[in-house]
Amino acid sequence: MNSMASFETRDGTLLNVDLAGAGAPVIFQHGLCGDSRQTEEVFPLDLGFRRITIEARGHGRSQPGNLDRLSVATFADDVASYIETQIAAPVVLGGISMGAAISLRLAVTRPDLVRALVIARPAWVTQSAPENMAPNAEVGRLLQTMSPEDARAEFLAGKIGQRLAGEAPDNLASLLGFFSRLPHDVTAALLTAISGDGPGVTDAQVRAITVPTLVIGHERDVIHPLAHAQALAEIIPAAYFVRITPKAENRSQYLADFRMAMSNFFKELTDND
């Protein structure tokens, strides 16, 4: 059964923390404009690990705080503060998309906090504002300049919307949901700021990561290219790469594959303790 708690950041922003399971803590973070439901559906709870998802500023039930502070670095600092004050380090740390970027940053900047790493469907390798984040940035731009209804119609009629309809319907469905996400100003600020951001690390720093790492990727995903997952798996010395079924192809199998990949990784961690 899930439980929730509040966590106050150093600047007084209240974040919602979603917890489930029992055992060793795993900080597992959601993607851009997502929430703990995204991490809950893929996390295996039958192996003696406790999932902790700290909903980032402006996500889920968390306060947005100062919109000028929205960044991967800020979100990573919030996670680090939670680990330092609420649980014993080091912990297994991971996430999906933006959550993967947050985790990668902490593995580089705060290796003392990280026991093992899970990088799932990364939207970044190390470069900021990669081209694959352009669809998110475009949604943010449109929401800042017109009504949500007009912005949605403009996006669907544009080149990006037309391309996603054919190449990545799952990405398109997620993006269309952003036009009705409330509050609109926070959604626009998140999409604009984070799409132009990145983990703030270099290839050389990533190569220095020594903890066991699981990297998960799949095809038919424009925003989370399989090539990004493969690149990180090659750069990180102790990385193990798993390719899973695309959501756009079979959502149920995608979830099953994701949980299996994490289960196998957790089992190996336990066996090696």
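The values are calculated or read from the model by the stated rules, or taken from the named source; none is laboratory data. Computed from a prediction, not measured in an experiment: that's the story for all the values here. Ideal geometry is used to build each Cβ from the backbone, glycine not excepted, and the neighbour counts take in all protein chains shown.
Quick look at the values:
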quantity: Conditions (1) buried (at least 19 other Cβ atoms within 10 Å of the Cβ); (2) closer than 19 Å to Arg115 by Cα; (3) in contact (Cβ under 8 Å) with a residue 40 or more places away in the chain: number failed by Gly48; calculated: (1)
quantity: Leading residue by the ranking (nearest to the chain's Cα centre (by Cα)) among those in the range 223-239 that are at pLDDT 95 or above and either acidic (Asp, Glu) or not in a helix (DSSP H, G or I) (or both); calculated: His224
quantity: Ala56 being touching a helix residue (DSSP H, G or I) at 6+ places or on another chain (Cβ under 7 Å), without any contact (Cβ under 8 Å) to a residue 60 or more places away in the chain, under 17 Å from Arg37 (Cα atoms) and of a type in the set (A, V, I, L, M, F, W, C); calculated: yes
quantity: For Val242: the one exception among (1) assigned to a loop (DSSP other than H, G, I, E, B); (2) within 18 Å of Ala100 (Cβ to Cβ); (3) out of contact with any Pro (no Cβ under 6 Å at 6 or more places or on another chain); calculated: (1)
quantity: Thr210 being within 22 Å of Gln127 (Cα to Cα), part of a loop (DSSP other than H, G, I, E, B) and polar (S, T, N, Q); calculated: yes
quantity: Check on Ala193, within 26 Å of Ala56 (Cα to Cα), part of a helix (DSSP H, G or I) and not charged (D, E, K, R); calculated: yes
quantity: Residue in the range 193-214 that is touching a strand residue (DSSP E or B) at 6+ places or on another chain (Cβ under 6 Å), within 23 Å of Gln253 (Cα to Cα), surrounded by 14 or more Cβ atoms within 10 Å (Cβ to Cβ) and in contact (Cβ under 8 Å) with a residue 12 or more places away in the chain present; calculated: yes
quantity: Which numbered condition Arg259 fails, given (1) in a helix (DSSP H, G or I); (2) surrounded by 19 or more Cβ atoms within 10 Å (Cβ to Cβ); (3) among the basic types (Lys, Arg); calculated: (2)
quantity: The range 240-256, subset surrounded by 18 or more Cβ atoms within 10 Å (Cβ to Cβ) and within 12 Å of Arg121 (Cβ to Cβ), residue modelled with the lowest pLDDT; calculated: Lys247
quantity: Failed item, numbered, when Arg181 is tested on (1) in a helix (DSSP H, G or I); (2) not small (Gly, Ala, Ser); (3) not assigned by TED's automatic domain parsing to the domain that holds Asn264; calculated: (1)
quantity: Hits in the range 25-67 - residues which are of a type in the set (A, V, I, L, M) and at pLDDT 95 or above; calculated: Val26, Ile27, Leu32, Val42, Ile52, Ile54, Ala56, Leu67
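So that you can scan it fast, the table gives a plain yes or no per residue for (1) part of a loop (DSSP other than H, G, I, E, B); (2) over 17 Å from Gly65 (Cβ atoms); (3) in the same structural domain as Arg181 (by TED's automatic domain parsing):
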residue: Gly12; (1), (2), (3): yes, no, no
residue: Asp18; (1), (2), (3): no, yes, no
residue: Gly31; (1), (2), (3): yes, yes, no
residue: Phe43; (1), (2), (3): yes, yes, no
residue: Arg51; (1), (2), (3): no, yes, no
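To keep it simple, each residue is scored yes or no on (1) in a helix (DSSP H, G or I); (2) touching a Phe, Trp or Tyr at 6+ places or on another chain (Cβ under 9 Å).
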position	(1), (2)
Ser128	no, no
Met133	yes, yes
Ala137	yes, no
Gly140	yes, yes
Leu143	yes, yes
Glu154	yes, no
Gly161	yes, yes
Leu164	yes, no
Asn171	yes, no
